[in-house]
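The values are calculated or read from the model by the stated rules, or taken from the named source; none is laboratory data. Values in this document were obtained by computation on a predicted structure and should not be read as measured data. Cβ atoms come from the backbone with ideal geometry, glycine included; neighbour counts cover every protein chain shown.
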Amino acid sequence: MASILITAGPTREHLDDVRYLSNGSSGRMGCALAEAALAAGHDATLVLGPVAIEPPPGAVVVPVTSALEMQAAAEHAFAAADVAIAAAAVADYRPADRTAGKPPRAAERIQLELVPNPDIVAGLAAAKGRRVVVGFALESTAAGLEAAIARGRAKLQRKRLDLVVVNLHDAVESAASEVVLCYADGREERLPRQAKRRTAERIVAAAVALFERENRA
């Protein structure tokens, strides 16, 4: 049995107490990963951004809103985890300053200063030791499948991941996904377009197998 940390859903980066920057991630893949982990007999901790769906019963759920909150929760949970699967759609930037209340609309143009958010999965990978860290890469296939896979592999190498899940189609808010699993040892495994739960089962199995192999060595 493995202890699996999963990050899921979007983050919200507040401009003020009402307005925020975010994205359309539904959290379905992350919840499917937690469900698959539990069904396989593993422990699942789900660090979950703001979503409308219910997480699976049995998962330890840590609700968060912003990328900084997700980073803190993920790092805390990773201390007791064997595997981390970073499926969250974390905002790349956040406002440099958050305004209190709800400022009224103004007629003139405004400028918004944004600052980079932390790279959560890269931070986990830098501290992994013999643990396994899996990332996701949502890639367009406009330039071809091999180009999408190459961009995913570049992310894997840059962030020192053990496995990257390359989405070949826009999976945001979809119940299905088509992915390629790219391993650090050069292997590739292409999965057909299918329900996210079936894809999640394969991702969990692959990640746990990597952890077991790493800790048999």
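Against the numbered list (1) surrounded by 12 or more Cβ atoms within 10 Å (Cβ to Cβ); (2) out of contact with any helix residue (DSSP H, G or I) (no Cβ under 6 Å at 6 or more places or on another chain); (3) modelled with pLDDT of 95 or more; (4) part of a loop (DSSP other than H, G, I, E, B), Gly129 comes up short only at (1).
Across segment 195-213, the number of residues qualifying as surrounded by fewer than 16 Cβ atoms within 10 Å (Cβ to Cβ) and either under 19 Å from the mean Cα position of the chain (by Cα) or of a type outside the set (A, V, I, L, M) (or both) comes to 5. Annotation note: Cβ proximity below 9 Å between a residue of segment 36-62 that is of a type in the set (D, E, K, R) and a residue that is crowded, with 18+ Cβ neighbours inside 10 Å and part of a strand (DSSP E or B) (sequence gap 6+ or interchain) occurs for Asp43/Ser3; Asp43/Ile4.
Residues are listed down the side, and each one gets a yes or a no for (1) in contact with a strand residue (DSSP E or B) (Cβ under 8 Å, 6 or more places away or on another chain); (2) at pLDDT 95 or above; (3) more than 23 Å from Ala205 (Cα to Cα):
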{"residue": "Ala40", "(1), (2), (3)": "no, yes, no"}
{"residue": "Asp43", "(1), (2), (3)": "yes, yes, no"}
{"residue": "Leu46", "(1), (2), (3)": "yes, yes, no"}
{"residue": "Pro50", "(1), (2), (3)": "yes, yes, yes"}
{"residue": "Ala73", "(1), (2), (3)": "yes, yes, yes"}
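Can you find, within segment 82-123, the residue that is farthest from Val166 (Cα to Cα) among those that are among the basic types (Lys, Arg) and not in a strand (DSSP E or B)? Selected residue: Arg105. All conditions in (1) in contact (Cβ under 8 Å) with a residue 60 or more places away in the chain; (2) in contact with a Pro (Cβ under 7 Å, 6 or more places away or on another chain) hold for Leu33, with the sole exception of (2).
If you check Leu138, Leu168, Leu124 for being touching a strand residue (DSSP E or B) at 6+ places or on another chain (Cβ under 7 Å), over 20 Å from Pro10 (Cβ atoms) and surrounded by 15 or more Cβ atoms within 10 Å (Cβ to Cβ), only one passes: Leu168. Here Glu35 meets each of (1) charged (D, E, K, R); (2) within 30 Å of Leu112 (Cα to Cα); (3) part of a helix (DSSP H, G or I) with one exception, condition (2).
For Leu114, the test of being modelled with pLDDT under 95 and more than 17 Å from Ala207 (Cα to Cα) is failed.
Every residue, every condition in (1) in a helix (DSSP H, G or I); (2) at pLDDT 90 or above; (3) out of contact with any Leu (no Cβ under 7 Å at 6 or more places or on another chain), yes or no:
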residue: Ala147; (1), (2), (3): yes, no, yes
residue: Gly152; (1), (2), (3): yes, yes, yes
residue: Asp185; (1), (2), (3): no, yes, yes
residue: Pro192; (1), (2), (3): no, yes, yes
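A single member of Gly186, Gly144, Gly135, Gly129 is in contact (Cβ under 8 Å) with a residue 24 or more places away in the chain and either of a type outside the set (Phe, Trp, Tyr) or at negative phi (or both), and it is Gly135.
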